[in-house]
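One structure is given below, encoded as structure tokens.
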Amino acid sequence: MSDSVRFLVDEDFDNDILRGVLRKLPSLDVVRAQDVGLGGQDDPAVLAWAADEGRIVLTHDVSTMTAHAISRIAAGLAMPGLFAVQQSAAIGEVIDDIVLMSHELDGSVPSRHHSSMECVHRRRTQPRLKRTLP
């Protein structure tokens, strides 16, 4: 990957998905919230840490985490990105979507729609909310 995409995995994120992504992208720069002292922290604290570190958050919390991310963007705060993955999505599909999204963000493949996640991502000054239907 040309531009290094960096992720923070929320503490409740499915580790099977993380392991699957790392099998396909072993050099992916990813840390788990609990490994960087964010265990038990609220969503705004997790998002603030991720912003300070330039990391996109992977989470299953599609309700409150997404709302907090949108609030950060509305307030003009840094928001590298949030991938909110549906709990009901097939693990293999989620792994493939995260791998593809990683490549899209580093510019190595063109964008497409993703069925398993919502993406809140802010590049430079233009906020973007991309919602996809199941």
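Any read-out appearing in this document is the output of simple, stated calculations on the displayed coordinates, not a laboratory observation. Owing to the predicted nature of the structure, the values given are computational and were not obtained by experimental measurement. Here the Cβ positions follow ideal geometry from the backbone for every residue, glycine too, while neighbour counts run over all protein chains shown.
Structure summary
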{"item": "Projected area averaged over orientations for region 10-107, convex hull of C-alpha atoms, nm²", "result": "6.2 nm²"}
{"item": "Estimated vicinal HN-Hα couplings, Hz - region 61-66 in sequence order (Karplus 6.51, -1.76, 1.60; Gly, Pro = x)", "result": "7, 6, 9, 6, 5, 4"}
{"item": "Net charge of Cβ neighbours under 12 Å - reference residue 28; Lys, Arg +1; Asp, Glu -1", "result": "+3"}
{"item": "Most to least packed among 86-95, 19-28 [average Cβ atoms within 10 Å]", "result": "86-95, 19-28"}
{"item": "Span per principal axis, largest first, for the Cα atoms of region 1-63 (Å)", "result": "30, 24, 22"}
{"item": "HN-Hα J in Hz across region 27-42 - Karplus 6.51, -1.76, 1.60, θ = phi - 60°, x for Gly and Pro", "result": "9, 4, 7, 9, 10, 9, 3, 5, 7, 10, x, 9, x, x, 6, 6"}
{"item": "Amide proton proximity set for residue 56, modelled H, under 5 Å, gap of 5+", "result": "6, 7, 8"}
